[in-house]
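The values are calculated or read from the model by the stated rules, or taken from the named source; none is laboratory data. Keep in mind it's a predicted model, so treat the numbers as computed, not measured. Neighbour counts are summed over all protein chains in view; Cβ atoms, including those assigned to glycine, are modelled from backbone coordinates with ideal geometry.
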Amino acid sequence: MSRFADKTVLVTGAASGMGLSATRRFLDEGARVVMLDIDEASLKEAAAKFPQDRILVHAGDTADKEVAAAAVKATVARFGGLNVLINNAGVASEGDIMHTSEADFERVMAVNVTGYFHMAKAAMPELVKARGAIVMTSSVSGLGGDWEMFAYNTSKGAVSNMVRAMALDAAKDGVRVNAVNPSFTKTGMTEDMLKDEALVAKFKERMPLGAPEDPDGVAAAMAFLASDDARLIIGVNLPVDAGLRASNGQPRM
């Protein structure tokens with residue numbers, strides 16, 4: 001497919017996991033891609049494997065509004081505009097409210113919520129010109145709660161409703177806003193979980209299509225929501241969860 005030929009996509013959290021898969025997917029469909037990540041070394045290593053005429057690397061922390069503004073400015077300078085923003089950068093911390101420090105809570109919110117705000121605000125003028133799209137990475141944790149993940153759940157709940165509110169406002173300018181909501185996916189953030197065989201087995205019991213999820217599958221859903229194939233879809237939090245939420249919660253008989 002070449003749904004994104006002559007279009008420019010900016011992906012945050014692009015050095016690994018779902019962001020790297022999204023980068024690869026959009027390139028495969030003809031896009032020019034700007035890769036933004038805080039990990040400059042990993043970012044450059046990942047980018048070196050892609051066609052250099054269609055890649056731009058920009059390192060920085062999306063929690064910083066100056067980084068967001070600079071990334072969009074660099075995108076326009078290199079490629080002439082911006083069609084799609086993939087708001088994907090994310091961090092997590094474990095613990096209930098009693099065991100979540102102020103520093104951890106503030107960092108999770110800064111990256112997962114404020115960073116998404118900074119990126120969307122910086123990108124919106126260009127997206128309006130292009131009648132483009134934003135796809136945010138929320139989570140099934142933005143649709144329901146987890147044990148011992150207070151800060152992360154709070155941030156993803158905010159993202160899920162940010163998507164709805166932004167979609168309503170942006171529709172008048174021709175910009176579509178949606179989210180993907182993955183479950184347990186093979187990424188750098190889940191490395192410790194992947195080593196826990198008992199935990200992986202529990203996820204497999206709840207996810208009919210198996211666990212962990214393939215980040216390329218999540219990237220495919222991102223590409224769909226960003227494409228003209230989804231031109232009538234806005235404000236959606238799409239569970240990309242291998243069937244997790246198809247269950248009513250009762251155990252298998």
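Residues in region 129-155 that are within 23 Å of Gly174 (Cβ to Cβ) and of a type in the set (D, E, K, R): Lys129, Arg131.
Residue-by-condition table, conditions (1) in contact with a Lys or Arg (Cβ under 8 Å, 6 or more places away or on another chain); (2) aliphatic (A, V, I, L, M); (3) at pLDDT 95 or above:
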{"position": "Gly30", "(1), (2), (3)": "yes, no, yes"}
{"position": "Ile38", "(1), (2), (3)": "no, yes, yes"}
{"position": "Leu82", "(1), (2), (3)": "no, yes, yes"}
{"position": "His99", "(1), (2), (3)": "no, no, yes"}
{"position": "Met109", "(1), (2), (3)": "no, yes, yes"}
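The test for being closer than 26 Å to Ser183 by Cβ, over 18 Å from the mean Cα position of the chain (by Cα), surrounded by 19 or more Cβ atoms within 10 Å (Cβ to Cβ) and β-branched (Val, Ile, Thr) holds for Thr100. Scan region 65-92 for residues that are over 17 Å from the mean Cα position of the chain (by Cα) and either under 24 Å from Ser183 (Cβ atoms) or charged (D, E, K, R) (or both) and jot them down. Answer for region 65-92, where residues must be over 17 Å from the mean Cα position of the chain (by Cα) and either under 24 Å from Ser183 (Cβ atoms) or charged (D, E, K, R) (or both): Lys65, Glu66, Lys73, Arg78. Among the residues of region 142-168, those that are within 15 Å of the chain's Cα centre (by Cα), in contact (Cβ under 8 Å) with a residue 40 or more places away in the chain and closer than 20 Å to Asp104 by Cβ comprise Gly142, Tyr152, Ser155, Lys156, Ala158, Val159. Scanning region 82-95 for residues that are under 19 Å from Leu20 (Cα atoms), of a type outside the set (Gly, Ala, Ser) and assigned to a loop (DSSP other than H, G, I, E, B) yields Leu82, Asn83, Asn88, Val91. Within region 141-163, the set of residues being touching a Lys or Arg at 6+ places or on another chain (Cβ under 9 Å) and either surrounded by fewer than 20 Cβ atoms within 10 Å (Cβ to Cβ) or closer than 24 Å to Val72 by Cβ (or both) comprises Leu143, Gly144.
The criterion of at least 2 residues that are touching a Pro at 6+ places or on another chain (Cβ under 7 Å) and closer than 28 Å to Thr190 by Cβ is met by the following helices (runs of 4 or more DSSP H) wholly inside region 1-81: 17-28.
Among the residues of region 237-248, write down those that are part of a loop (DSSP other than H, G, I, E, B) and surrounded by fewer than 17 Cβ atoms within 10 Å (Cβ to Cβ). Listed by number, the residues that qualify are Gly243, Ser247, Asn248. Say whether the condition of being surrounded by fewer than 15 Cβ atoms within 10 Å (Cβ to Cβ) and either β-branched (Val, Ile, Thr) or without any contact (Cβ under 8 Å) to a residue 60 or more places away in the chain (or both) is met by at least one residue in region 4-18. Yes: one or more hits.
Contact map, region 26-48: first residue farther than 18 Å from Val218 by Cβ and buried (at least 21 other Cβ atoms within 10 Å of the Cβ), second residue modelled with pLDDT of 95 or more and of a type in the set (Lys, Arg), Cβ cut-off under 6 Å, separation 6 or more or different chains; pairs are Arg32/Arg54.
A count restricted to region 201-216 and to residues that are touching a residue at least 12 places away in the same chain (Cβ under 8 Å) and surrounded by fewer than 17 Cβ atoms within 10 Å (Cβ to Cβ) stands at 6.
The set of residues in region 202-227 that are of a type in the set (D, E, K, R), over 20 Å from Met189 (Cβ atoms) and within 19 Å of the chain's Cα centre (by Cα) is empty.
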